[in-house]
Amino acid sequence: MAYWLFKSEPSTWSWDQQVEAGEGGTFWNGVRNHLAKKQMQAMQVGERGFFYHSNEGKAVVGIVEVIKPYYPDHTDESGRFGMVDVRAVAPMPRPVSLDAIKAATALKDMALVTNSRLSVQPVTEAEWATVCAMGGYGER
């Protein structure tokens, strides 16, 4: 199983809005970066990801699950980009800040640290376990 990180500005789409979307989840659209597109194309139903508030808050605040694989993004007039659907699984008991992630030696190579601008990122199994432990989330 692969793990991911989904970044969103809370003023655009927040964790609370993701939770309100319920079990049916919602589409993760608006990604206009070819590397992020490749990441989304690789996602499989059932894989988990961190929900990260960017710009405001700068922290992992929840866990989401991919519920629909990559398909065309209806907001992309060029037709080159797509999206996946995700649903909220659980809040992070203790949000894990970007500063805490940068301070953790085990996370020094995490994409969030080395390529912070990428809106959808892969997370290794070891990084997943470390961030979950930092946030008090019991699942790995």
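The values are calculated or read from the model by the stated rules, or taken from the named source; none is laboratory data. Computed from a prediction, not measured in an experiment: that's the story for all the values here. With ideal geometry, Cβ positions are generated from the backbone for all residues, glycine too; neighbour counts draw on all protein chains shown. Ligands, DNA and RNA are excluded from the accessible area calculation, which covers all protein heavy atoms including side chains. Shrake-Rupley method; radii C 1.70, N 1.55, O 1.52, S 1.80 Å.
Some notes on this structure:
- Scanning the stretch 65-97 for residues that are basic (Lys, Arg), touching a strand residue (DSSP E or B) at 6+ places or on another chain (Cβ under 9 Å) and open to solvent by 60 Å² or more (accessible area, probe 1.4 Å) turns up just one, Lys68.
- Residue that is surrounded by the fewest Cβ atoms within 10 Å (Cβ to Cβ), among those in the stretch 101-125 that are without any contact (Cβ under 8 Å) to a residue 60 or more places away in the chain and touching a Leu at 6+ places or on another chain (Cβ under 9 Å): Asn115
- Filter pass, Gly62 being open to solvent by 60 Å² or more (accessible area, probe 1.4 Å) and of a type outside the set (S, T, N, Q): no
- If the condition is being crowded, with 16+ Cβ neighbours inside 10 Å and among the polar types (S, T, N, Q), then the stretch 17-28 contributes Gln18, Thr26.
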